[in-house]
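The structure appears below as C-alpha cells.
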Amino acid sequence: MILASILCGLATGRGPEVAAAAVEGTSAAVQLALSIAGMLCLWTGVMEVMRQSGLADKLSKLLAPVLRRLFPQAARDRDTMDSISANVSANLLGLGSAATPLGLEAARRLARSSPGVASDNLCMLVVCNTASIQLIPTTVASVRAAEGCQTPFDILPAVWLASALSVGVGIIACKIFAKTWRD
Amino acid sequence: MDLFFTMLVPLTIGAIAVYAAGRRVDVYSALVQGAGSGLDTLLRIIPALVGLMTAVYMLRASGALELLAGALAPLLDRLGLPSELLPLMLVRPISGSAALGVGAELISTYGPNSDLGRMAAVMLGSTETTFYTIAVYFGAVGITRTRYAVPAALCADLTGFLAAAWAVRICF
C-alpha cells in the first residue's frame with residue numbers, strides 16, 4: 001500500500017502531500033484508538049457481566065435447535081454441538097476473544113472426520129464466523145460517538161438487516177455448494 | 001421507534017446488571033475485569049492501526065484511490081454503491097483494523113449522520129475480516145483443501161456490502 005502510494009504520488013506530482021500524510025496518519029491512528037477506548041472497555045465489561053451471570057450460557061441453549069439444522073453431521077456429537085452454540089452465541093454478543101477459541105475447538109472436532117479437507121459442516125462453521133452476526137456493533141458505535149454523533153446506535157436496524165441478509169446468503173451459498181461442489 | 005433504538009442500549013445494560021445482581025454476581029468487579037480485557041484488545045490493535053492508517057492516509061493523498069474508484073465507479077453505481085466506499089470494501093475482508101481506520105476516516109469526513117457515514121458504519125458492523133478468519137480457522141486445524149469456504153464467504157460479504165447501502169436508504 002505504502003509503495004503504491006509513493007509511486008502514484010510521484011506519478012501524479014503529489015509527493016509532498018504523501019509525505020505529510022504519513023505523519024498525519026500516525027497521530028490520527030492514536031487519536032482514534034483513544035477516542036474509542038472508553039466505550040470499548042465499557043462493553044467488554046458488560047459482556048463479562050453477562051458471562052459471569054450465566055446469561056451467555058442461556059443464549060447458547062436457546063440457539064441449539066436452530067444450529068442442529070445447520071450442522072446435521074455435528075448434531076450427533078454433543079460436545080461438538082456445545083462448542084458450536086457457544087461460539088455462535090459469543091459472536092452474537094460480540095465476545096470476539098471468547099468466540100475464536102470456542103470456534104477453533106468446534107473446528108478441531110469437525111475436522112477429525114476428514115483430516116486436511118474442509119467438510120460441509122466445517123465450511124458452514126467458517127462461513128458463519130466470517131459473516132458478522134454481532135447484535136450490538138460496539139466498536140463502530142464508539143467511532144460514531146467519537147465523531148460527535150448523539151445517537152450512535154441509530155444504525156442498529158440497518159446493521160441487523162444487512163447482517164441477516166449477509167449471513168442468510170452465506171448459509172444458502174454453503175448449502176448450494178455442498179450439493180454442487182465437485183472436488 | 002427512534003426512541004426505542006436510542007434507549008435500547010442503556011436498557012440492555014440496565015437489564016443485564018439487574019439480572020446479574022439477582023444471580024449474586026459481583027456486577028461491578030465483573031465489569032471492571034471485563035473492561036480491562038477491552039484495554040488489552042485496544043493495545044493489541046494500536047500498532048496495526050498506526051501502520052495501516054499511515055498507509056491509508058498516504059494512499060489517499062497520492063490519488064491512487066481516486067484512480068481506482070474512478071475506474072470502478074460505473075459498475076458500483078449500477079449496484080447502488082457510492083464509489084467513496086470502495087476503499088472500505090477492498091480492505092474489509094483482509095484487515096479488521098485497517099477497515100476500522102478507513103471506516104473511521106469516512107465517518108469523520110462525511111459526518112456520522114450522513115448517508116455515506118452511516119453506510120460505512122453499517123458495512124463495518126455487518127461484515128467480518130473474512131480472509132483473516134478463514135486463515136485462522138483452517139490454519140489452526142490443518143485444513144489444506146478449503147473447498148467452497150472462500151467463495152461462499154465472499155458471497156456473504158458482497159451481500160453485506162450491498163445490503164448495507166440498501167438498508168441505510170430504507171431506514172433513514
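Here, each number is a calculation from the coordinates, and none is a lab measurement. Note that the coordinates shown come from a computational prediction; the quantities given were computed from them, not determined experimentally. Here the Cβ positions follow ideal geometry from the backbone for every residue, glycine too, while neighbour counts run over all protein chains shown.
According to a simple spin-label model (label point 7 Å from Cα along Cα-to-Cβ), what is the distance in nm between B:Thr144 and A:Thr180?
2.9 nm
Which semi-axes, in whole Å and largest first, does the equivalent ellipsoid of chain B have when worked out from the alpha carbon gyration tensor as the square roots of 5 times its eigenvalues?
Equivalent ellipsoid semi-axes, largest first: 32, 23, 18 Å.
Name the residue, out of B:Leu49, B:Leu59, B:Leu116, whose mean-square fluctuation peaks in a Gaussian network model built on chain B with Cα pairs under 10 Å.
Fluctuation is largest for B:Leu59.
If you scale each eigenvalue of the Cα gyration tensor by 5 and take the root, what three semi-axes come out for segment B:1-63, rounded to whole angstrom and sorted largest first? Don't skip to the end; give the middle numbers.
On the way: eigenvalues 280, 83, 4 Å².
Here the semi-axes work out to 37, 20, 5 Å.
Just from its helices, what would the mean residue ellipticity at 222 nm be for the protein assembly as shown, if runs of 4 or more DSSP H residues each count -39500 (n - 2.57) and the sum is divided by every residue, rounded to the nearest 500 deg cm²/dmol? Don't skip to the answer; put the middle values down first.
Working: 16 runs with 281 residues, N = 355.
The helix-only estimate for the protein assembly as shown comes to -26500 deg cm²/dmol at 222 nm.
Per residue of B:41-50, count partner chain C-beta atoms within 10 Å of its C-beta, then hand back the mean as an integer.
5
Under 10 Å, Cα contacts only: if you run a Gaussian network model on chain A, which one of A:Pro115, A:Pro137, A:Pro152 comes out with the highest mean-square fluctuation?
With Cα springs under 10 Å in chain A, the top fluctuation among A:Pro115, A:Pro137, A:Pro152 is at A:Pro115.
What's the average, rounded to a whole number, of partner chain beta-carbon atoms within 10 Å of each residue's beta-carbon in A:38-44?
6
So for segment B:1-158, averaging the separation of alpha carbon pairs under 8 Å that are six or more residues apart and normalising by length, what relative contact order in percent results?
On the way: 92 pairs, mean separation 24.4, N = 158.
With pairs under 8 Å counted, the relative contact order is 15 percent.
Using label points projected 7 Å from each Cα along Cα→Cβ, tell me how many nm separate B:Val32 and B:Phe172, to one decimal.
Result for the modelled spin labels: 3.9 nm.
Using mean Cβ contacts within 10 Å as the protection proxy, how do A:119-132, B:74-87, A:32-45 order, highest first?
On the way: A:119-132: 26.1, B:74-87: 15.4, A:32-45: 20.1.
Result, highest mean Cβ count within 10 Å first: A:119-132, A:32-45, B:74-87.
Give, in whole angstrom and from largest to smallest, the semi-axes √(5λ) of the equivalent ellipsoid of the protein assembly as shown, with λ running over the eigenvalues of the Cα gyration tensor.
One finds semi-axes of 33, 26, 19 Å for the protein assembly as shown.
Any idea how far apart A:Ile2 and A:Asp57 come out in nm if each label point goes 7 Å out from Cα toward Cβ?
Taking the simple label geometry, A:Ile2 and A:Asp57 are separated by 4.9 nm.
Just the projected area, averaged over all directions, of the convex hull on the alpha carbon atoms of segment B:89-171: how many nm²? Please list the in-between numbers first.
Numbers: hull surface 22.1 nm².
Directional mean of the projected Cα hull area for segment B:89-171 stands at 5.5 nm².
Set the Förster distance to 35 Å, then compute FRET efficiency between B:Arg24 and A:Ala64 from the Cβ-Cβ distance, nearest 0.05.
Once rounded, the FRET efficiency stands at 0.85.
Pull out the extension gain between A:Asp77 and A:Ser114, defined as 0.36 nm times the separation in residues minus the alpha carbon to alpha carbon distance; nm, one decimal.
Using 0.36 nm per residue and subtracting the Cα-Cα distance, I get 11.8 nm.
Roughly how big is segment A:54-180's charge dipole about its Cα centre, with Cβ charges of +1 (Lys, Arg) and -1 (Asp, Glu), in debye to the nearest 20?
Charge dipole of segment A:54-180: 460 debye, to the nearest 20.
Let me spell out the model: positive unit charges on the Cβ of Lys and Arg, negative unit charges on the Cβ of Asp and Glu, origin at the Cα centre of the protein assembly as shown. What dipole size does that give, in debye rounded to 20?
1200 debye
Quick one: net charge around B:Leu31, please, counting Lys, Arg +1 and Asp, Glu -1 for every other residue with C-beta under 13 Å from its C-beta.
-1
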